[in-house]
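Read the figures in this text as sums done on the coordinates, not as results from a lab. All figures in this text were calculated on a predicted structure; none of them were measured in a lab. Cβ: placed from backbone, ideal geometry, glycine included. Neighbour counts: every protein chain shown.
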Number of protein chains: 2
Amino acid sequence: MNISTKTHSLRVGIAGLGTVGCGLVSLLQAHADLLQLRCGRPISVTAVSARTKNKSRGVDLKNIKWHDDPIQLAQDPDIDVVCELIGGSDGTAKELVEASLTAGKAVVTANKALLAVHGAKLAALAESKGVVLAFEAAVAGGIPAIKVLRESLASNKVTGIYGILNGTCNYILTTMRESGRDFADVLKEAQNLGYAEADPSFDIDGVDAAHKLAILASLAFGTVIDFATVAVEGIRSVSAVDIQYAHELGYRIKLLGIARPTAQGIEQRVAPCLVPLSSSLAHVDGVTNAVIAEGDFAGRIVLEGPGAGGGPTASAVAADLVDIACGRKTPAFGIPTSRLVGSSAAQMEHKTGAYYIRLLVADRPGVFADIAACLRDQKVSIESAIQRGRAVNDAVPLILTVHETSEMAMERALAAIGALGSVATPPVRFRIEAL
Amino acid sequence: MNISTKTHSLRVGIAGLGTVGCGLVSLLQAHADLLQLRCGRPISVTAVSARTKNKSRGVDLKNIKWHDDPIQLAQDPDIDVVCELIGGSDGTAKELVEASLTAGKAVVTANKALLAVHGAKLAALAESKGVVLAFEAAVAGGIPAIKVLRESLASNKVTGIYGILNGTCNYILTTMRESGRDFADVLKEAQNLGYAEADPSFDIDGVDAAHKLAILASLAFGTVIDFATVAVEGIRSVSAVDIQYAHELGYRIKLLGIARPTAQGIEQRVAPCLVPLSSSLAHVDGVTNAVIAEGDFAGRIVLEGPGAGGGPTASAVAADLVDIACGRKTPAFGIPTSRLVGSSAAQMEHKTGAYYIRLLVADRPGVFADIAACLRDQKVSIESAIQRGRAVNDAVPLILTVHETSEMAMERALAAIGALGSVATPPVRFRIEAL
C-alpha cells in the first residue's frame, strides 16, 4: 500500500529543549530506522531553538541548525513541522504556533495551556492553511487519549469522560494514603523529589487538569473548547483524615476531571472526589494518569499510563509526527471548526450527586441534632455518620456521607451547618463519584 | 482541512448478521449524521448477506440490497468496503476476504482466526491491490489495541505485550474466585448465561486468546504473523483451590497472553498465570479485556474495556470504516509486508520465571523431603510452602512457590516429583508474572 505520497524526509524543527524536547531528539535519533520503516520516509530534526545554546543536554545536536529566536523556525524553509515544546498559554509559544501555521507549516504541540485558552482559534487557523495542528502530548503524556477519542471512538456518542489528569496531585494523594502524612508535608517531599514545582499552584489547584479536561471535552462532544467554564477545585482541602475515613468507607480520594453532557449543557469539573474501590480509577496510583471514555456503542474504555516525563511525552509528540509523515490527517478537534458547537456550560447548582462531608464539631449533646436538621431542611438524606476519638480543644471530626442530592441543596445545607456555633471550621465536602 | 478527497458516500457491504453485524447496521444508522460530520462524507450500508433472509433481527434492512451468497459482495459495484463478520479461519470467510481484496475493495474484518492463520498472505494481497485490510475488531472488542499499537506506539520499540484477551475465561476465573465454586460448575453457568459456547474449547483451551496474541505480536514486533508457535495452555487445570491459595499469596489467576522479544526470538504464550494484586491486570474482572503494551519511550500503556458484544465490536469495525472514509491509511501490520521479519519463535525451555505449584501428596513423614530433593536437584529454590487441612483419601494439597528458574529445570523437577509414589496426581504449575 502507498502509505504516503511523499518519500522525502519529514523535516522537524523543535522549539524548547527541556526534558520533552531532549527526549524527542533522542527518540527520533534512536529510532530513525524504525520510523523510516513505519512511515515510508525518514523523520529528521533539521533545526532547534532554546533559551541557552551552550548547555550540556545529553543529546547530540551537531548537524542540526540552531535558531536563537524560536520564531525563526516558522520561517525556516528547511522545516515541514514545528514542534512547540516551550509551554505557557501566551507569549513565545503562542506566537510561534501562530507564525508556523500562518507560514503553512504543520504544528505539533504538548502545550495544554495554549490549547485550552486559544485552541479554537488555532484550529481554525490551521484549517484555513490546510495544515495539521496535533497535540497528543498535551493530555496525559504517553496515553493516547487524543487519538482514541478522535478516531477510535469517532462512531460513538461519548456520554462521559473521567480522568486522573495530573500526576503531581495523584502522587501526593497516593503518598498521603500510603504514609498517613498530611498534605503540606507530602507536597514538600514531592517538591524535593521534582514531582512538584517550586510554585505548585498550577498543579495542586487543579488548573493543569482543567486545561487537559477542556481539550478532551471539546474532542468528545464536538464543542468549542471552553476552559473558562470548567469548575475547578484543587487538593489543598484534602486532609490525611479524609483519606483515612474514605478508605474506611470503601473509597479512594482522587483528583478527577469529569466532563459529560447534561440536559443543561456540558458539565466540566475538576475536583477531589471519592471513587469506590471497585473502580479502575481507584487503583491508579502515583504519577500514573488515566482516562475513561464512555461511548454509547463502545462502552467504557479505560486508558492508563505515565502522565508525564520526557520519554512518554516525546513518544506522544512522535506519534503525531508519524501520522503527519504517513499523510494521516484529522481536524484538530475531530471535525471542521465551523461545525464545533458553542459550549453551553451546565449550571452546577442543578447537578446532583452523593457527598462526603467532614465537620469539626463541639463534643457535646445536641450538636448532631442541629446538623441533621440543617440537612433535613434541604431534603438531604444522611447515608452514614462516623464520629469517634477524643475531643481535641473540645472539637472532634464528624464524617457524614449523604445520598444523591442537588448541588444547590448541598451548598445551602452546608452554609447553614457552617453557621452553627457548634461547628468549628468551615465544612469540607467532596463528591462521591460512583464510576 | 481537507480530510478526504472523496465526498461521496462510503458504501459498505456486510457479510454476517449476527450480534456484531446487526450491531454495526444499528450503529451506522443511529449515528449517520455524526459519521458524516466526522468523516466529511456519509457511510452507508448498501448490501448485506447472511445465512437466512427471513429472520427477525431487530434492525431495519429495507432499502439495503440482499445477497444470498456472501461472495457476491466482492463483485457488487455498489460496494467500496466489505465487512467480513462471518468468522472462522477458512471457508466462506476466507473466500470472501480474498475475493473482495482481489476485486480492489477494502476489507474490514473482526475475524481473528482468519488473520492468525492467513493474515500475512491477506495483508500482501491487500497491499498488491492498494486497498486497506483493517481489523480493529479482531482483538479485544471495543478496546483500540490495534490502532494504539500500530499508530500511537509507532515510534517505540515495543518490549512486551500482556493481555487478558478472552472474556469467557476471565468471566469464569472471576466467578470461581468470587463464589469459591469449581471450574466445571462455573463453566456450565457461563454456558447457560451465553458467556460460553456449547462447545467451549476454543475459548477455555486458550485458542481464541492465542489468535489475538499472534495478531498483536505481529504488529508490535514487525514480524510475520505466526500463530503456530504460540505456546497455548487453557484454564481447565485451574481449580478453586488454586484461586484460593493464589489469593492468600497476594495474587489473582488470569489467563494471560504474553508476547515479548527475547535473545532466542519472539516469545508468544497463552497460559493461566498468577498476577500480583498490585498489577492493573489483577483488577480486570468479568468479561472485561485488557491489553498492556510496553514501549521503550512511552512506558507501560494499559487499555481496558469490553472485550466482546455487539456494541463494542461494532464500534471497533466502525472505527476502521471511519479511517477508510477519512482516507487515513496504514499497512495491515504497520509496515509493508515485504519488510515483516520471519518470526523466530523463542524456545520455551530457555525461558525463566517464578512458579506456583500445586501437588496432591500423601500425608506422611518424608514426603516433603523427597519433593524438596527433586527441586534441589534442578537448582530450583523454594520461596514458600503451604500445607494444611485434613487428608482426604490420605492425600492433602501442598502448595509451593519457587523463585525464578528456567522452564527446563522446572519441567524436569516436576517430572521427578510426579514420579514419586507419594504424589497422587500429576503436578499442576502456573507461572507467576510480576507485571
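Odds and ends about this structure:
- Over all other residues within a Cβ to Cβ distance under 12 Å of residue B:14, the charged ones net out to +1, with Lys and Arg as +1 and Asp and Glu as -1.
- Using every pair of distinct Cα positions in the range B:2-90, the Kirkwood expression returns a hydrodynamic radius of 13.6 angstrom.
- Share of pairwise Cα separations in the protein assembly as shown, more than 48 Å, in percent: 26
- Spherically averaged projected area in nm², based on the convex hull that wraps the Cα atoms of the range A:351-432: 4.7
- Distances in nm from residue B:348 to the matching label points in the other copies, shortest first (labels 7 Å along Cα to Cβ): 5.7
- Coordinate range along principal axes, alpha carbons of the range A:82-155, Å, largest first: 32, 24, 19
- The range A:207-266 and the range A:43-79 have Cα centres separated by 38 Å.
- Degrees separating the helix B:207-221 axis from the principal Cα axis of chain B, which is the longest one: 70
- In nm, spacing of pseudo-spin labels at residue A:188 and residue B:34 (7 Å Cα→C-beta vector): 5.0
- Calculated over the range B:252-370, the projected area of the Cα convex hull averaged across directions stands at 12.6 nm².
- The local environment of residue A:108, defined by Cβ-Cβ distances under 12 Å, has a net charge of -4 under the rule Lys, Arg +1 and Asp, Glu -1.
- Taking the range A:10-138 and dividing mean pair separation by its residue count, relative contact order in percent (alpha carbons under 8 Å, at least six apart): 23
- Each residue in A:212, B:351 was given a count of other beta-carbon atoms within 10 angstrom of its own, and listing them fewest first yields B:351, A:212.
- Among A:57, A:390, the ranking by other beta carbons within 10 Å of each residue's beta carbon, starting with the fewest, stands as A:390, A:57.
- Relative contact order for the range A:276-435, counting Cα pairs under 8 Å that sit 6 or more residues apart, in percent: 24
- Phi angles across the range A:42-52 convert, under the Karplus curve 6.51 cos²θ - 1.76 cosθ + 1.60 with θ = phi - 60°, into 3J(HN,Hα) values of x, 10, 10, 7, 9, 8, 9, 8, 7, 5, 10 Hz, Gly and Pro given as x.
- The amide H of residue B:232, built 1.01 Å from its N in the peptide plane, has B:270 as neighbours under 5 Å, considering only residues 5 or more places off or on other chains.
- Working from Cα pairs under 8 Å separated by at least six residues, relative contact order for chain A is 16 percent.
- Given +1 at the Cβ of Lys and Arg, -1 at the Cβ of Asp and Glu and no other charges, the dipole of the range A:145-306 around its Cα centre is 440 debye to the nearest 20.
- Least to most buried among A:8, B:247, A:118, B:211 (fewest other Cβ within 10 Å first): A:8, B:247, A:118, B:211
- Share, in percent, of DSSP beta bridges within chain B that are antiparallel, nearest 5: 65
- Each stretch of four or more DSSP H residues adds -39500 (n - 2.57); spread over every residue of chain A, this sum gives -10000 deg cm²/dmol at 222 nm.
- Placing a pseudo-label 7 Å from each Cα along the Cα-to-Cβ vector at residue B:347 and residue B:201 gives an inter-label distance of 3.1 nm.
- Proximity of backbone amide H atoms, modeled 1.01 Å from N, is registered between residue B:134 and B:107, B:108, B:109 at under 5 Å, excluding neighbours fewer than 5 places apart on the same chain.
- Taking N as the residue count of the range B:145-306, its C-alpha radius of gyration divided by 2.2 N^0.38 Å amounts to 1.03.
- Local electrostatic count, residue B:412, Cβ distance below 11 Å [Lys/Arg +1, Asp/Glu -1]: -3
- Summarising the rotation from chain B to chain A, the nearest chain B beta-carbon to the axis and its distance in Å are given as B:328, 2.
- For residue A:197, inter-copy label distances in nm, listed shortest first [label point 7 Å out on the Cα-Cβ vector]: 5.6
- Relative packing of B:134-147, A:189-202, B:419-432, A:20-33, which averages over residues the other C-beta atoms within 10 Å, highest first: B:134-147, A:20-33, B:419-432, A:189-202
- Take the Kirkwood radius over Cα pairs of chain A, plug it into Stokes-Einstein at 10 °C and 1.306 mPa s, and you get 69 µm²/s for translational diffusion.
- About its Cα centre, the dipole of the protein assembly as shown is roughly 980 debye, where the only charges are +1 on Lys and Arg Cβ and -1 on Asp and Glu Cβ.
- Once the Cα atoms are used to define both axes, helix A:167-179 deviates from the longest principal axis of chain A by about 40 degrees.
- Using alpha-carbon coordinates, inclination of helix B:183-193 to the longest axis of chain B, degrees: 20
- Neighbouring Cβ atoms from other chains, within 10 Å of the Cβ of residues in A:136-145, number 3 on average.
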